[in-house]
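The structure appears below as structure tokens.
Any read-out appearing in this document is the output of simple, stated calculations on the displayed coordinates, not a laboratory observation. It should be emphasised that the depicted structure is a prediction, and the values quoted were computed from it without experimental measurement. Heads up, the Cβs are rebuilt from the backbone with ideal geometry, glycines too, and the neighbour counts pull from every protein chain shown.
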Amino acid sequence: MGEDAMDRKMPPDFPTEVYDIIVVGAGPAGLSFVRALAGCGLKIAIVEKLPRDVLADPPVDGRDIALTHRSEQTMGELGIWSHIPPEEIAVIRHARVINGTSPYALHFDHREMGKDYLGPIMANHLIRRAAFRAFEAAGNGELIPDRTVVAAGSDERAAWVVLDDGRRLRASLLVAADSRFSETRRQFGIPARMRDFGRSCIVCRMDHAQDHDDTAFECFHYDRTLAVLPLAGRQSSVVITLPSDRAAEVMAMGEDEFNRDITARFGQRLGAMGLSGGRHIYPLVAVYADRFFARRFALVGDAAVGMHPVTAHGFNLGLRGAVTLAHQIRAARGRGGDIGAAPGLRRYHVAHNRAARPIYLGTNVLVGLYTDDRPAARVARNGLLRLGNIFKPARRRIMRQLTDKAA
Ligand SMILES: Cc1cc2nc3c(=O)[nH]c(=O)nc-3n(C[C@H](O)[C@H](O)[C@H](O)COP(=O)(O)OP(=O)(O)OC[C@H]3O[C@@H](n4cnc5c(N)ncnc54)[C@H](O)[C@@H]3O)c2cc1C
């Protein structure tokens, strides 16, 4: 487990800006983690390579994030939810999964769970902005913007980082929230399983002629997947997943051609569709760290588990992990113990691994099945959809994942 990297001693001339916790990355997971520690009396630094004004008002990145009820509840408790403009929050009440050109669909219905909706959905840049506002309002962390962590390590007494301006910080605990390609994870020698799907995902918002009735569609066509997720009014978030070597071609399509193509591929279900913003592209690489901690070090957010977006669990899991780790730290602090000690970090690892692993593995199996174009796989997919409709417990289990709240 990279003992050598972990054991790197702090440089002897280490000056000292001393904190209790240093967080690398002020994305939604890092900010939520700091916010979850408000009121603990801990001195926390959060280092972020982006400038402060970008964090305060992040640009549109094309992602619309479907949330679970648990995430909605947590964001409420952390004071994040109140910073999302209500008119920007849409809800998914129904979800339909379609295989190829088959008219048959697996149907998820909020009424079956006795809930008003399966989950809310909103733009990622609004979540980032709201998390930043909640962080600032809580005032329990010092933001060090415009700075990149270039080296990190730990010994038995402290963890440390070096910033790109030469500044050095140390703390009882270092937390990496620096994305699925986490450099800090690498510095600590924690291996991660990466699965490059060889596919990319193109996301955009589109207006359409007909109402979506708060229904999300996941259409598994033979060469690509098309997800259409309901937003406010007659607008949807469109997510196209396709082999990476074909993505450039779709990104280069003229607007009219793209609109016609999506309208046809979606079988005119919402009438004519037209782009209402830019197209954004993301390579699809799923990541699962072998462990979520090392000496005086923990991983949260995508740095711990980076999901394929098809099941919309990435941020939901990241938020859950951030709160789980904060809970362990509060408990250690309450006992007057060491917040960076291994037993608490191990408990975080065990709890988060138990929550994340089945979802991660299940998502990858689903991706494999639905990107397999062989005739047998097509038949198997149809069979599974029918079985899913008939076999209520499986369907209800998936819906429970979306609608359950924290105990
Ligand atoms: C197309 C798409 C659709 C998605 N849909 C959903 C969905 O419906 N539901 C859902 O739950 N999730 C979804 N996700 C996943 C979700 O967007 C991510 O899980 C979430 O944004 C990860 O947040 P994070 O804070 O862990 O990492 P990031 O958002 O990647 O933030 C990491 C931060 O660390 C900073 N950083 C990196 N390295 C350093 C360094 N060395 N020094 C200082 N700072 C550094 C970066 O600048 C960045 O601000 C989707 C993802 C994609 C791509």
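If we count every other residue with Cβ under 11 angstrom of residue 278's Cβ, Lys/Arg +1 and Asp/Glu -1, where does the sum land?
It works out to a net charge of 0.
For the chain, list the DSSP H helices whose alpha carbon atoms reach 27 Å or more along the long axis and whose average Kyte-Doolittle value is -1.0 or above?
Span-like helices here: 314-334, 342-370.
Find the Rg to Rh ratio for segment 14-161, where Rh is the Kirkwood radius over alpha-carbon pairs and Rg uses the same atoms.
That ratio equals 1.10.
What does the charge count near residue 81 come to, summing +1 for each Lys or Arg and -1 for each Asp or Glu among other residues with Cβ under 13 Å from its Cβ?
Taking every Cβ under 13 Å from that of residue 81, the sum is +1.
Rounded to the nearest 5, what % of the DSSP beta bridges within the chain are antiparallel ones?
The antiparallel proportion sits near 70 percent.
Could you tell me the distance between the Cα centroids of segment 287-303 and segment 31-100, to the nearest Å?
20
Let me check against my output: what whole-number percent is the relative contact order of the chain, with C-alpha pairs under 8 Å and at least 6 apart?
22
From the Cα gyration tensor of segment 59-126, with a ≥ b ≥ c the square roots of its eigenvalues, which class applies: rounded if a/c is under 1.5, or else prolate if a/b is larger than b/c, or else oblate?
Oblate is the answer for segment 59-126, as a/c is 1.5 or above yet b/c matches or exceeds a/b.
Ranked from highest to lowest mean number of other Cβ atoms within 10 Å per residue, what is the order of the peptides 52-65, 132-145, 175-188, 250-263?
Ranking, from highest mean packing down: 175-188, 132-145, 52-65, 250-263.
For the chain, count all C-alpha to C-alpha pairs, find those more than 42 Å apart, and express that count as a whole percent of the total.
Here the tail beyond 42 Å accounts for 15 percent of pairs.
About the Cα centre of segment 236-306, how large is the charge dipole given +1 on each Lys and Arg Cβ and -1 on each Asp and Glu Cβ? Please answer in debye to the nearest 20.
Rounded to the nearest 20 debye, it is 440 debye.
Which cross-chain or sequence-distant (5 or more) residues have an amide H under 5 Å from the amide H of residue 23, H modelled 1.01 Å from N in plane?
45, 46, 47, 175
Please rank 352, 308, fewest neighbouring Cβ atoms within 10 Å first, as an exposure proxy.
308, 352
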